């Protein structure tokens, strides 16, 4: 009674329409934000210097300073969105949007005024064409990764259904993460690629764990219908998935709170990716697998009665009905031999 009642109390697969609706409720605002920013600003995401091009500056400051002190200096030039990374105790790396040489000199002079011991170590310029190439390569890499995952999972589970369901769940996770960055207008730079790769790796890993449990239960050759079997498999892996996700979220959440401004955007993306990856593996991938199975069964259903009707009309069944044997599988009401034995007696009575 315990397992049956627990399955009924936590009917995850039976409530799959609610999970689909919740996923759409999360994805649609992000898509609206992408479109709104594209119309208003000309770009859907807040692309950083790595994708749009700009200038990079590396300074050495021997006096005590913080990242906030450097940002306050850049705010005078309207560069509050610049990327500032502190390396060790004396070096700082600054990335800004495209600036002229005179503007770069003004920034260095302002830093020397604040800290007289400031020395410029390196100055580089990144063109926008390099940023566009990096963006295209990143999109191509994610697309190739999706295709390779479909091939691998199809071979691993000997079914393309598992692969397509896992990739649809992964596409859901990518849309959620991209939408979160569009809604919050956080800067999208090269570290954002690491976030997307984390989404792909974590989501597929968690989905394969659940799918592997489904495959093990299918291999037991039980008479349990497919939908309850999938629901039981998800419940068996549910605690493991929740514990893994919460452990990672707590660790990265600490990095988000105490890690500083430079790593906060990356930590935010990782937290969102782990949460949505765990959610999609439990509430989306398995539900899509069940819906695909039900749709396939409905396609086969109309052909079954037709084959059954043709079996009724086979010559053997027709002869059995004519001989008085009744329907197939029933005991004959009259033994054929006895019927043939009675025929001569009737003829003798008529002659008398």
Problem set entry | Cross-chain or 6+ apart pairs with Cβ under 7 Å, region 24-44 first and in the same structural domain as residue 170 (by TED's automatic domain parsing), then in a loop (DSSP other than H, G, I, E, B) and loosely packed, with under 15 Cβ neighbours inside 10 Å | 37/43
Problem set entry | Residue that is out of contact with any helix residue (DSSP H, G or I) (no Cβ under 7 Å at 6 or more places or on another chain), surrounded by fewer than 17 Cβ atoms within 10 Å (Cβ to Cβ) and closer than 30 Å to residue 183 by Cβ, where the choices are 81, 89, 69 | 81
Seminar exercise, completed: With criteria (1) closer than 30 Å to residue 287 by Cα; (2) buried (at least 16 other Cβ atoms within 10 Å of the Cβ), residue 35 comes up short on (2)
Exercise. Quick check: anything in region 211-225 under 14 Å from the mean Cα position of the chain (by Cα), assigned to a helix (DSSP H, G or I) and at negative phi?
Worked result: yes
Exercise. Condition test on residue 168, is it buried (at least 18 other Cβ atoms within 10 Å of the Cβ), touching a residue at least 40 places away in the same chain (Cβ under 8 Å) and part of a helix (DSSP H, G or I)?
Worked result: no
For this session: Return the only residue of 124, 106 being more than 30 Å from residue 202 (Cα to Cα) and at pLDDT 85 or above.
Result: 106
For this session: For residues that are within 19 Å of residue 137 (Cα to Cα) and touching a residue at least 60 places away in the same chain (Cβ under 8 Å), scanning just region 197-223, find the one that is surrounded by the fewest Cβ atoms within 10 Å (Cβ to Cβ).
Result: 198
Seminar exercise, completed: Picking from 174, 229, the residue that is modelled with pLDDT of 85 or more, within 18 Å of the chain's Cα centre (by Cα) and either closer than 29 Å to residue 295 by Cβ or not assigned by TED's automatic domain parsing to the domain that holds residue 84 (or both) would be 174
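The values are calculated or read from the model by the stated rules, or taken from the named source; none is laboratory data. All values reported here derive from a predicted model rather than from experimental measurement. Please note: Cβ atoms are built from the backbone with ideal geometry, for glycine as well, and neighbour counts cover all protein chains shown.
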